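Colleague: Just passing along the structure, written as structure tokens.
We did not get these values from a lab; they are worked out from the coordinates using the rules stated. Just so it is clear, the structure is predicted and the values come from calculations on it, not from any experiment. Virtual Cβ from ideal backbone geometry, glycine too; neighbours counted across all protein chains shown.
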Amino acid sequence: MKARFFCESCGAEVSQTQKVCPSCGKTFTAVKCPQCGFEGGARQFARGCPQCGYLNVLPPSSGVGGGSKSGPWQKARPLPRLRLPARFYRVAVVILLVLLLAMIVLLVVVTRR
């Protein structure tokens with residue numbers, strides 16, 4: 001999920017590359033994490049806060065006019081990595097080949113009748 005950026009003054013969504021808010025005209029000098037307060041460049045926040053891992057996936061609920069600090073922010077959850085041993089894949093391929101062969105044999109037997 002891609003990080004989204006919002007103006008701290010008015011709550012309007014802004015592009016990662018914008019230096020000035022198109023809604024209120026505030027100049028951006030840094031991006032600030034709503035969870036831990038870490039400040040840094042927009043590129044550092046491309047995958048969430050580099051300090052605490054917090055990721056802004058929803059805009060502030062109040063929209064334009066000043067978002068609340070406790071708006072609907074969600075913490076990014078990393079996807080689990082499924083690392084299975086190579087033996088598992090070999091056994092799975094053998095089982096699938098046996099099932100495929102059994103289906104072919106069954107199809108041949110049924111069509112001969």
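Colleague: Ranked from highest to lowest mean number of other Cβ atoms within 10 Å per residue, what is the order of the peptides 91-100, 41-50, 25-34?
Modeller: 41-50, 25-34, 91-100
Colleague: Fewest first, what order do Cys7, Cys24 take by the number of other Cβ atoms within 10 Å?
Modeller: So the ranking, lowest neighbour count to highest, is Cys24, Cys7.
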